[in-house]
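One structure below.
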Amino acid sequence: MGRFTQALRVQVKVIKALMIRELVTRFGRENIGFLWIMAEPLMFASMVGLAWSILKGPQNHGVGVIPFVVSGYIPLTFMRHSFAQSAKIFVANSALLYHRQIKVLDFIFVRVSLEAIGAMMAYLFGGTVLLFFGYFPVPADVGMLILGWAIYVGFVLSVCLVLAPLSEVSEVVEKIIPVSVYLAIPFSGVFNMAAWLPVTLRDYLMWSPFVTGMELMRAGLFGDAVLPYYDIPKALTVTFACLVAGLVLCRRVRRMVAVS
Amino acid sequence: MIYCRNVHKEYRSGRVSKSVLRGVDFEINPRDRIGVLGRNGAGKSTLIRLIGGVEMPTQGKIVRKMTCSWPLGFNGGFQGSLTGLDNARFIARIYDKPYREMRDFIEEFTELGGQLRMPVKTYSSGMRARLAFALSLAIEFECYLIDEVIMVGDQSFQKKCEAAFFRERDDRALLLASHNTSMVKKYCNRAIVLNEGVATMYEDVGKALKIYAEF
């Protein structure tokens with residue numbers, strides 16, 4: 001037990017150091033620095049939100065188009081970035097593998113956490129600004145919003161744990177990752193509520209933790225204006241299966257990584 | 001002590017595979033100075049990377065019972081886009097050492113001055129080696145893994161390294177991969193000759209050098 005807590009303490013230090021390093025290398029120390037991390041999801045979401053509200057009018061299915069799009073796109077960009085950054089992450093960071101206490105899991109964990117923090121900041125900031133101008137509701141149930149977000153983040157992390165080692169051993173997977181994000185969009189609940197769909201389709205979508213996460217987030221945000229469909233046990237089961245597969249794959253592939 | 005038990009390493013690229021180490025067995029005792037001899041491609045760097053834990057053996061086991069540096073060589077261990085000092089700060093964090101002391105030490109040992117505030121990718125290999133040595137000395141490992149690199153430094157740096165490793169830290173273990181036979185002769189008490197994936201340990205360095213010369 002003593003050894004385990006010791007190892008845990010080392011990992012906490014490593015993760016902290018990697019986060020700081022990542023922020024400095026990616027965003028630099030100039031101008032707004034690490035605040036850039038929320039700039040992209042925010043710009044993306046606001047542009048699409050604007051375009052949609054012009055195309056479809058301010059209201060659709062009883063909820064505002066802008067908050068609906070913003071609340072969908074921010075998690076989507078988080079997912080997209082996390083997947084994209086998982087590709088070849090071991091080799092990209094191989095200089096760090098010279099230090100034995102740094103594990104490949106740390107790389108994935110750090111990247112996904114930073115993306116998640118960026119997305120949360122974008123959500124909070126974007127939401128607050130839009131709320132001020134009357135384009136965003138006050139969340140009806142913050143607990144539900146957070147629960148949905150946690151499920152979403154958990155699933156993204158576990159998928160990344162699978163994608164990262166696979167991209168290392170297979171060129172095909174590496175090239176397919178960007179495509180897979182677009183394939184994931186219909187299964188991610190970004191554009192629609194499950195309630196707007198036919199029953200059979202909805203049943204299939206319940207297997208996607210993204211949909212459960214998204215529905216919970218939207219329910220937390222819009223409250224009674226939407227009818228959410230979610231299946232938390234299913235989402236957790238799928239996430240857990242992915243997580244186990246990912247951990248096994250990471251361990252196997254780490255043994256094969258050649259560090260220049 | 002560090003034990004290597006039946007260590008095999010195979011690299012694979014597509015369908016081509018190459019077996020670099022085929023059953024390496026030896027141990028590193030405290031205070032051991034082990035020279036690693038072998039021709040280019042014999043597996044010296046691979047062995048050092050495996051002992052350092054940078055790569056993992058395909059088969060076999062490496063047991064570390066003392067703290068062991070990362071392989072000190074021309075590359076590795078640094079983030080090129082970060083400055084020397086940023087790298088030092090990162091390493092101080094992950095090895096849990098106070099950064100201030102570390103900075104003072106590397107400023108003194110590397111003599112790189114203002115260059116420490118430049119990205120590491122702008123460094124020459126000699127400057128990188130200075131930084132790597134300074135950082136690893138500041139951490140104080142029980143065993144140092146040195147891949148070829150003392151030779152890249154200039155005279156004054158070589159003197160500093162000699163003093164640091166062979167006088168001030170003569171209680172530490174050292175694994176030194178080198179083509180420089182006079183250096184191995186001068187400093188090592190044992191030597192490994194790597195040939196065809198097999199490592200042979202010689203307690204008599206002179207004998208090892210003689211066999212190595214015959215390849």
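Below are the figures for this structure:
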| item | result |
| --- | --- |
| Index of the failed condition, residue B:42 passing every other in (1) assigned to a loop (DSSP other than H, G, I, E, B); (2) among the hydrophobic types (A, V, I, L, M, F, W, C); (3) within 13 Å of chain A (Cβ to nearest Cβ) | (3) |
| Qualifying residue in region A:62-69 (condition: over 30 Å from residue A:195 (Cβ atoms), touching a helix residue (DSSP H, G or I) at 6+ places or on another chain (Cβ under 8 Å) and of a type outside the set (Gly, Ala, Ser)) | no |
| Residue B:110 within 14 Å of chain A (Cβ to nearest Cβ) and either of a type in the set (Val, Ile, Thr) or over 18 Å from residue B:136 (Cβ atoms) (or both) | no |
| Odd one out for residue B:129 among (1) outside the structural domain of residue B:110 (by TED's automatic domain parsing); (2) without any contact (Cβ under 8 Å) to a residue 60 or more places away in the chain | (1) |
| Condition check for residue B:140: of a type in the set (Asp, Glu), within 14 Å of chain A (Cβ to nearest Cβ) and under 18 Å from the mean Cα position of the chain (by Cα) | no |
| Condition check for residue A:222: within 27 Å of residue A:52 (Cα to Cα), out of contact with any strand residue (DSSP E or B) (no Cβ under 9 Å at 6 or more places or on another chain) and of a type outside the set (Val, Ile, Thr) | no |
| Qualifying residue in region B:47-60 (condition: within 11 Å of another protein chain (Cβ to nearest Cβ), over 25 Å from residue B:123 (Cα atoms) and either touching a Gly at 6+ places or on another chain (Cβ under 6 Å) or part of a strand (DSSP E or B) (or both)) | yes |
| Exclusive hit being basic (Lys, Arg) and within 20 Å of residue A:73 (Cα to Cα), set A:218, A:202 | A:218 |
| Pair list, Cβ under 6 Å, 6 or more apart: region B:49-63 residue in the same structural domain as residue B:3 (by TED's automatic domain parsing) and under 16 Å from residue B:77 (Cβ atoms), other residue assigned to a loop (DSSP other than H, G, I, E, B) and among the basic types (Lys, Arg) | B:53/A:100 |
| Qualifying residue in region B:40-62 (condition: of a type in the set (Val, Ile, Thr) and over 21 Å from residue A:94 (Cα atoms)) | no |
| From A:78, A:83, A:90, residue being within 14 Å of another protein chain (Cβ to nearest Cβ) and buried (at least 20 other Cβ atoms within 10 Å of the Cβ) | A:90 |
| Scope region B:90-104; condition buried (at least 17 other Cβ atoms within 10 Å of the Cβ) and either over 21 Å from the mean Cα position of the chain (by Cα) or away from every other protein chain (no Cβ under 14 Å) (or both); matching residues | B:93, B:103 |
| Close pairs (8 angstrom Cβ cut-off, 6 or more residues apart or separate chains): on the phi > 0 side of the Ramachandran plot in region B:21-42, surrounded by fewer than 13 Cβ atoms within 10 Å (Cβ to Cβ) and in a loop (DSSP other than H, G, I, E, B) anywhere | B:31/B:170; B:31/B:171 |
| Selected residue (criterion: farthest from residue A:64 (Cα to Cα)) from residues of region A:180-196 that are touching a residue at least 60 places away in the same chain (Cβ under 8 Å) and not β-branched (Val, Ile, Thr) | A:180 |
| Residue check, residue B:118 surrounded by 14 or more Cβ atoms within 10 Å (Cβ to Cβ), at pLDDT 90 or above and either assigned by TED's automatic domain parsing to the domain that holds residue B:52 or within 29 Å of residue B:28 (Cα to Cα) (or both) | no |
| Residue within region B:167-182 that is over 30 Å from residue B:23 (Cα atoms) and either part of a helix (DSSP H, G or I) or in the same structural domain as residue B:86 (by TED's automatic domain parsing) (or both) present | yes |
| Candidate set: region B:140-196, residues that are crowded, with 19+ Cβ neighbours inside 10 Å, over 20 Å from residue B:124 (Cα atoms) and of a type in the set (Val, Ile, Thr); chosen: the one modelled with the lowest pLDDT | B:184 |
| Hits in region B:19-59 - residues which are among the basic types (Lys, Arg), over 20 Å from residue B:172 (Cα atoms) and either within 20 Å of the chain's Cα centre (by Cα) or modelled with pLDDT under 90 (or both) | B:39, B:44 |
| Residues of region B:72-86 classified as more than 7 Å from every other protein chain (Cβ to nearest Cβ) and either surrounded by 23 or more Cβ atoms within 10 Å (Cβ to Cβ) or in contact with a strand residue (DSSP E or B) (Cβ under 6 Å, 6 or more places away or on another chain) (or both), total | 4 |
| Residue list for region B:81-116, filter: part of a helix (DSSP H, G or I) and either on the phi > 0 side of the Ramachandran plot or touching a residue at least 60 places away in the same chain (Cβ under 8 Å) (or both) | B:113 |
| Residue satisfying all of: in region A:203-260; within 14 Å of chain B (Cβ to nearest Cβ) and touching a residue at least 12 places away in the same chain (Cβ under 8 Å); surrounded by the most Cβ atoms within 10 Å (Cβ to Cβ) among these | A:250 |
| Exclusive hit being within 24 Å of residue A:128 (Cα to Cα) and either in contact with an Asp or Glu (Cβ under 6 Å, 6 or more places away or on another chain) or surrounded by 15 or more Cβ atoms within 10 Å (Cβ to Cβ) (or both), set A:33, A:62, A:49 | A:49 |
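The values are calculated or read from the model by the stated rules, or taken from the named source; none is laboratory data. Since we're looking at a predicted model, the values are computed, not measured. Using ideal geometry, Cβ is built from the backbone for each residue, glycine included, and neighbour counts are taken over all protein chains shown.
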